[in-house]
Amino acid sequence: MRNGVLRAVGKFADVKMTGEWKWYRENGKPMQTGSFVGEKKSGVWKRYHPNGALYDEGEFADNKKIGEWRTHDAKGKLIKTTKHKSN
């Protein structure tokens, strides 16, 4: 929390980020969500525009982007799809 505004919610295990995390902007809108396994990004991650609309989403495995990632404009329209190799 900074200036009374919630910045992030998540868990630590042995001082390492673990499980699902959510980060927020100072205006209270979401900034990004994702999960950690062994302090590495894993599973579905989403980032958001300052207005709260989805910016991009895709999956991580062992800290690397995999599969299809979709990018949206600030109004929610899909503008780009990128494919990443699996491990």
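The values are calculated or read from the model by the stated rules, or taken from the named source; none is laboratory data. Quick caveat, the model's predicted, so the values are computed rather than measured. The area values use the complete protein model at the heavy-atom level, side chains included, leaving out ligands, DNA and RNA. Shrake-Rupley method; radii C 1.70, N 1.55, O 1.52, S 1.80 Å.
Details
- Note on the stretch 4-87: with neighbouring protein chains present and a 1.4 Å probe, carbon and sulfur make up 52 percent of its accessible heavy-atom surface.
- At a probe radius of 1.4 angstrom, the accessible area of the stretch 11-66 per residue rounds to 62 square angstrom.
- Solvent-accessible surface ranking, highest first, for ARG7, ARG47 at 1.4 angstrom: ARG47, ARG7
- Amide H to amide H, with H built 1.01 Å from N, ARG25 comes under 5 Å of MET31, counting only residues 5 or more places away or on other chains.
- Across the stretch 7-73, Cα-Cα pairs more than 15 Å apart make up 53 percent of the total.
- Estimated vicinal HN-Hα couplings, Hz - the stretch 47-63 in sequence order (Karplus 6.51, -1.76, 1.60; Gly, Pro = x): 10, 10, 5, x, 7, x, 6, 4, 8, 8, 8, x, 10, 10, 9, 6, 6
- Backbone HN-Hα couplings from phi across the stretch 22-29 [Karplus 6.51/-1.76/1.60, Hz, Gly and Pro as x]: 9, 10, 10, 7, 4, 7, x, 7
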